[in-house]
Structure formats: structure tokens, C-alpha cells
């Protein structure tokens, strides 16, 4: 395994401007996304109020169900003694969700180590599991390659209703059945049995989506001492009670500030990704097991189109006595994260950073600033088969990803093998048929206008048959050159599945099946420099 670095221009204007330090976007953040920013942020954190012993106890109790490693204990002790944290987070996806979830965890571990060395102080990595999220469609699927195409395996989730990932009790037989189908789609290797046993062993000891996710996170990063917490953990919710009260009290100001920031972003040429509205409460409440979004209406907080209503005082009482019924949305989650932890840096993906561009004013309402917002490390894993194909067709990573050379080569191949004479015959026949039917149409219309639809329909049938012939001809030509077309498909499915980076599509288990269960450990052993360059990992 070796690593190569290459700058890849981000897909969005906002991310391009952000990582390249352009002033238009810089005004929306408190710090530049640079290692040099960490020193100033560390000084700012000296005034951050946090009950480190109590919060450490919350983390210890949650992680204890999977057994605390010596590394995790050391990190908890460092936290208790004053260490800041670098934080990332993600929804509780099946099999960790796409690769970028693992990349996020790797990012905070790498960043914490490099920040510790740079600042000469302990820095602790933390993973915030968004178990409060009830969008189970977002986490209940897996991608695999089937017959040369990228296929999405959807796992039914309707039975869970609007329960969150942490409160929905897994239908284990159904989940196991779909995971078995997923594993059957993977090629049998010397590693398949081991990773299959790992997955089903952890599934058996899990109750919810979040449990399953946390077990995998713990398995991958136990030796690194990555700390993790479920946002929906009841002990954490109790710790957050006073912060929920502050958010309820200032709900209108938060909504107004974020909406104004999005208008400003749009004026500066950036897309408003949240679509924040000024009547938003930016909080959820759980009623009878369902997580419902709150809005502000006529001085009250309402949900379910006004069918459920709370006065401000009622909501404050809930925050005081049963805070586990409340949860954050995309706007207040970063605020809560900052209030709970002394955050040196937050690590996020392109979508999250676009959200954070609208949060600076909301943070300032509470007398705090945005932490250093660092883009997660972006990695692409290249297996040995793909490496051989790249060599065979004289391609490199940049040619495939930046220049889209595979599509060009495919079109050139198609052009070179086309049966142009046969295609010309079909085209000429279609031209003759359409010309003849034009005369028929003219003649029939003089007899009866009622006949013309029949003529048009009859013509369409002939044209359809000729198109069928042309497609079959093309299919046969492609079939005769299927090996080369298959190679092109394999390269794209590996490096650009569905036209984007693999880290947004595939689970790490596809690569563990090829490489072995030590994949994540070996990735962490690579010299990954924390910068804006894309990391190409040659397996």
C-alpha cells in the first residue's frame, strides 16, 4: 500500500474558494482551513466552559458497552486534564455507510496527532454519531457492482416510521437477509469469511442502527483511541439541558441570522444549501416515538402542521425535565457540538462546510466563534486489478478523474468499430419509409381526416422496428468488443462510480474483501499529510 497526492479541483464553487482561501467566502468563517489557524483557536478555547469530568463520564459510559481500550482511556484522561478536541460526525449508516465515514474518522485521528505535535499539547479525536437523525432512507442502502454497473441495494425501512437511528429497533432477520445478499454480490476471496463473520457478529450484539454503527466504529478505531458518542444518548441529552434552553430562548434570533447569512451567500454567488426559513425553530421533538420538526407560529412552537403545539415555557420545561425528547437539526447541531466540547477544529465534507458557511452569526449570538473548519481528507482506493487496467490503457488517476479520458476512449472505440455501412442502410430505409408515408398521409387525408392518426401510428411502428434493428446492431458490435468495453466500465466503476468519487458510494467492506481486515489500520499507518490534496491509495 502506498499513497500519492494530487490536487483535484472541488466540484462546488464554495469549496473551491474555501480551500484556496478566496476572500469572498473567507468572511463567513472565523478561521482559514489551515494548520496555522490552530494556535489562535487554542488560545480562544481557554475561556470555553466545560464540565470535563462529567462529560468524560458520559463518554466513558457510552463507549464502555464496547469495552474501553487503553488508548481511549488515555484520551479521556487527557480530555479531563484540559485537552481540546477535533470533532467530526456522520449518520449511522449500515456497514458505516460510504467510505467517507471512515475517511472522516481517519481525518480527525490524523489531524489530532499533527495538531498535538504542532501545538505541543494533547489533542483528542471525537466522532459525533448523528443517531438522532430519523432519515433512515439515507442510511438503509448499500452500493455494489453487478454485471458491470453500480447497483443500489435498498433495505426496507418503512416499518421504523419516524423513529431515529438510535430508537429504531433493528429487524435483524430482515437486515441479515439483505446483508447476505450484499455479501453474495462480492467476489469470494480469502478475506470474505472473516469480514462476513465480523459483520454478522456485531449485528447480533446490536439493537439499533446506531449500536451497529458504533460497534463497527469501535472495531476499526479502538487501537487509536477514537472517542465517540451518540447524539441521542440520554446522558448526553441531560448534560445538554441548559444548552437546549438557550436555543429555545434565542430560537427566533438563530433563524433570522441563518436566513440572512444564506441570503448574503446567494448574493455573493454561492448556493443556499439549507433553505433556512425565519419561522424555523431548528429543533426536533419526539412525540409518541416519532421525531417531529418544530416551527415557530404565533408565539408558540408547533409541529405536525400545527396539530401539536407548545408554549415557550412548556418547551423550556421539557428541556429542563426531559431533554431526551429534544434534538437538533442541521443548524443547531454545530452549535450544540461547540457548547458541549472545546472544539479546536471541526472536520466536515463539502456539503457540511457549505452548511457551516451560514452559521457564523448564529455562533456569535452566544458569544462564541466558529472553530477551525477543516475539509476531511479525501481518499480514493485503487485495487490491483484497476492498477493493471490503468497501465494497459496508458491512463493515470488524473486522466480518469480530471480529464474523463475513459469516456473519450470509449467513444473513440465505439466510433472505430461501428458498422457504418449497415447503419447507413437502416438510415436510408427509414428515410424512404418516412418519405413514402408522407405521400400516404397526404392521400389518406383527402379521403378522411380520421385515417391520418392510423397512418401516423403505423409509421411509428416501422420507425420503432428500425430503431430496434439499429440498437441490436450496436449491441452486437459492442458484444464483439466486450472485453475492452468491460475494462473501461471497470475503471470508471472503481474510480468514478456514478460519475463521482468512490468514497461517496462504496462501503469499506468492498475493499476489505479484496485487501483484508487490516485495511483501515494500514490506511492510518500511511504518511497522510493534512492538506487540500486528494490522496490516491494504491492497494
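Tabulated results
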| item | result |
| --- | --- |
| Filter pass, residue 160 being modelled with pLDDT under 95 and either surrounded by 15 or more Cβ atoms within 10 Å (Cβ to Cβ) or more than 23 Å from residue 229 (Cα to Cα) (or both) | yes |
| Given (1) assigned to a helix (DSSP H, G or I); (2) under 25 Å from residue 103 (Cα atoms), number of the condition residue 174 does not satisfy | (2) |
| Residue among 455, 520, 478, 463 that is more than 30 Å from residue 11 (Cα to Cα) and either in contact with a strand residue (DSSP E or B) (Cβ under 6 Å, 6 or more places away or on another chain) or in contact (Cβ under 8 Å) with a residue 60 or more places away in the chain (or both) | 478 |
| Sole exception among (1) assigned to a helix (DSSP H, G or I); (2) not assigned by TED's automatic domain parsing to the domain that holds residue 111 for residue 269, by number | (1) |
| Only one of 303, 280, 319 that is in contact with a strand residue (DSSP E or B) (Cβ under 7 Å, 6 or more places away or on another chain), surrounded by 18 or more Cβ atoms within 10 Å (Cβ to Cβ), outside the structural domain of residue 84 (by TED's automatic domain parsing) and under 30 Å from residue 11 (Cα atoms) | 280 |
| Test for residue 491: is it closer than 16 Å to residue 385 by Cβ and under 23 Å from the mean Cα position of the chain (by Cα) | yes |
| Count of residues meeting criterion [assigned to a helix (DSSP H, G or I), surrounded by fewer than 16 Cβ atoms within 10 Å (Cβ to Cβ) and under 21 Å from the mean Cα position of the chain (by Cα)] in region 494-539 | 2 |
| Which listed residue, of 76, 38, 14, 55, is at pLDDT 95 or above, touching a helix residue (DSSP H, G or I) at 6+ places or on another chain (Cβ under 9 Å), more than 30 Å from residue 257 (Cβ to Cβ) and crowded, with 19+ Cβ neighbours inside 10 Å | 76 |
| Candidates 385, 430 - the one that is in contact (Cβ under 8 Å) with a residue 12 or more places away in the chain, under 30 Å from residue 511 (Cα atoms) and assigned to a helix (DSSP H, G or I) | 385 |
| Subset of region 61-71 [surrounded by 13 or more Cβ atoms within 10 Å (Cβ to Cβ) and over 20 Å from residue 202 (Cα atoms)] | 71 |
| Counted residues, region 79-89 - those being assigned to a helix (DSSP H, G or I) and surrounded by 22 or more Cβ atoms within 10 Å (Cβ to Cβ) | 1 |
| Subset tally (residues that are in contact (Cβ under 8 Å) with a residue 12 or more places away in the chain and within 19 Å of residue 242 (Cβ to Cβ)) for region 303-313 | 2 |
| Set 156, 98: member being outside the structural domain of residue 217 (by TED's automatic domain parsing) and touching a helix residue (DSSP H, G or I) at 6+ places or on another chain (Cβ under 9 Å) | 156 |
| Test: residue in region 479-488 that is in a loop (DSSP other than H, G, I, E, B) and more than 21 Å from residue 188 (Cα to Cα) | yes |
| Region 426-445 - residue that is surrounded by fewer than 14 Cβ atoms within 10 Å (Cβ to Cβ) and farther than 14 Å from residue 458 by Cα and, of those, farthest from the chain's Cα centre (by Cα) | 443 |
| Any hit, region 137-151, residues being over 24 Å from the mean Cα position of the chain (by Cα), in a loop (DSSP other than H, G, I, E, B), in the same structural domain as residue 182 (by TED's automatic domain parsing) and surrounded by fewer than 24 Cβ atoms within 10 Å (Cβ to Cβ) | yes |
| Residue among 132, 138 that alone is under 25 Å from residue 88 (Cβ atoms), touching a strand residue (DSSP E or B) at 6+ places or on another chain (Cβ under 7 Å) and at pLDDT below 95 | 132 |
| Among (1) under 18 Å from residue 223 (Cβ atoms); (2) in a loop (DSSP other than H, G, I, E, B), the one test that residue 92 misses | (1) |
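The values are calculated or read from the model by the stated rules, or taken from the named source; none is laboratory data. Just so we're clear, the structure is a prediction, and the values are computed from it rather than from any experiment. Don't worry about glycine lacking a Cβ; one is built from the backbone with ideal geometry, like all the others, and counts go over all protein chains shown.
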